[in-house]
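Chemist: After the structure tokens below, expect a handful of questions from me.
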Amino acid sequence: MAAEDHRWPCAQCGADLRFSPGDTALKCDHCGHVQPLPDAPPARQSALRELDLADALQDGLAPNDMEQVRITPCPNCGAQVEFQGATHATECPFCATPVAIGTGTERKIKPQAVLPFAIDERQGREAMVNWLGNLWFAPGGLVEYARKGRALSGLYVPYWTFDAATRSRYAGARGEYYYETRMVTVQVNGRNERRQERVRKTRWHAAAGWVSRRFDDLLVLASQSLPRRYTDALAPWDLGALRPYSADYLAGFTAEGYTVSLSDGQVIARQIMAAQINRDVRADIGGDEQRVDRIDTAYSAETFKHILLPIWMAAYKYNGKTYRFVVNGQTGKVQGERPYSAWKIAFAVLLAAAIGAAVFYISQNS
Ligand SMILES: [Zn+2]
Ligand SMILES: [Zn+2]
């Protein structure tokens, strides 16, 4: 099985088409020609397939659910970059290191769904510049640079989604508060005084029972190229807009291959589920305080999907430091390194000191 090469030539002029965010069409940057997506199946969330997790973990997925991809690992940061159609970029979008298009291929799980870009590069950049402009301590030069600097990279980032039905048996204890009054001796102006004091105590009762919960489309980032705290902060995503996978949506964009394996993804998903089940158990125990001694969870109906989510990304070198910003390609929410201007901070400290001195002066003279 050879890696597929996707190309999208313009029917009018032959130049490369790119997917046009917010539309369901491909657009030619050269002559403006617009043509509908050739292969994309009709948009229906119900058409999205879930794959069986146990099958996949035993490498038992149908050949149709796998694909052979050409991998281009970044020599600096290890990101696996898949260049699509019109993208001639040979720079890693995460660290701006030049990369040579790889010759090796790898068998990977095919994406089941893609969330197409809803906002274009101009809107993404506007969102980022606004966000930076609202950070009072951001260096003005950096904001200017972001406004005029080179285009953001449109990137499809790999995620796993997990579904599971869980049923958990637990044992623990419920703590209920009660109050007792006791007499204490306190020192008041150097003299001992006897006083009443209310003391809180906890009475514990054994508790045991069952909780159950269905998890639906729990998201786990399948990339190590961006800090998880950035991508987590881009949530929420409206997964109702997911479309059955078609390479058409990737025309002119870059897609990253997953570098977190399905089994590692499942471990992370189980941790997130366990934390939620623990909260469920505590709510079920009730009372003022809870002690959880053990939880045994049975998982069933475990399925997963491999999906791609859209992110606009910028990496800027400014005053010798690299700043990275990510913009949710669906909602325009921004996240990134918070830059600080030493000048603005020094000025703020001086201003605060001046105000403090003025307040002191006024209070002394009134
Ligand atoms: Zn054209
Ligand atoms: Zn890199």
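Chemist: Is there any pair linking a residue in the range 263-282 that is in the same structural domain as ASP55 (by TED's automatic domain parsing) to one that is assigned to a helix (DSSP H, G or I) and surrounded by 14 or more Cβ atoms within 10 Å (Cβ to Cβ), with Cβ under 7 Å and at least six apart or on different chains, and which?
Modeler: SER263/LEU57; GLN266/LEU53
Chemist: Looking only at the range 226-248, count how many residues are more than 17 Å from the chain's Cα centre (by Cα) and within 15 Å of TYR159 (Cβ to Cβ).
Modeler: So the answer is 2.
Chemist: Specify the residue that is farthest from ligand 1 (Cβ to nearest atom); the eligible residues are those in the range 36-49 that are at pLDDT 80 or above and surrounded by fewer than 15 Cβ atoms within 10 Å (Cβ to Cβ).
Modeler: Applying the first criterion (at pLDDT 80 or above) to the range 36-49 yields 36, 48-49.
Still in the running and surrounded by fewer than 15 Cβ atoms within 10 Å (Cβ to Cβ): 36, 49.
Working: PRO36: 15, ARG49: 34 Å.
Of everything passing the filter in the range 36-49, ARG49 is farthest from ligand 1 (Cβ to nearest atom).
Chemist: Which of the numbered conditions does LEU218 fail, given that it passes all the others? Conditions: (1) surrounded by fewer than 17 Cβ atoms within 10 Å (Cβ to Cβ); (2) closer than 30 Å to GLY78 by Cβ.
Modeler: (1)
Chemist: OK, next. Restricting to the range 176-204, what's the tally of residues that are within 30 Å of GLY287 (Cβ to Cβ) and among the β-branched types (Val, Ile, Thr)?
Modeler: 4
Chemist: Mind counting the residues in the range 248-272 that are farther than 21 Å from PHE304 by Cα and assigned to a helix (DSSP H, G or I)? Let's see the steps before the verdict.
Modeler: So the first thing to find is which residues in the range 248-272 are farther than 21 Å from PHE304 by Cα, and the list is 248-254.
Filter again for assigned to a helix (DSSP H, G or I), leaving 248-250.
The qualifying residues number 3.
Chemist: Tell me, which residue of the range 96-109 that is at pLDDT 75 or above and surrounded by 15 or more Cβ atoms within 10 Å (Cβ to Cβ) is nearest to THR322 (Cα to Cα)? It would help to see each step written out before you state the result.
Modeler: Pass one, the range 96-109, residues at pLDDT 75 or above: 97-99, 105-109.
With the extra rule that they be surrounded by 15 or more Cβ atoms within 10 Å (Cβ to Cβ), the set shrinks to 99, 108-109.
Working: VAL99: 19, LYS108: 32, ILE109: 33 Å.
Only one residue tops the list, namely VAL99.
The values are calculated or read from the model by the stated rules, or taken from the named source; none is laboratory data. Note that the coordinates shown come from a computational prediction; the quantities given were computed from them, not determined experimentally. Positions of Cβ are backbone-derived with ideal geometry, glycine not excepted, and every protein chain shown enters the neighbour counts.
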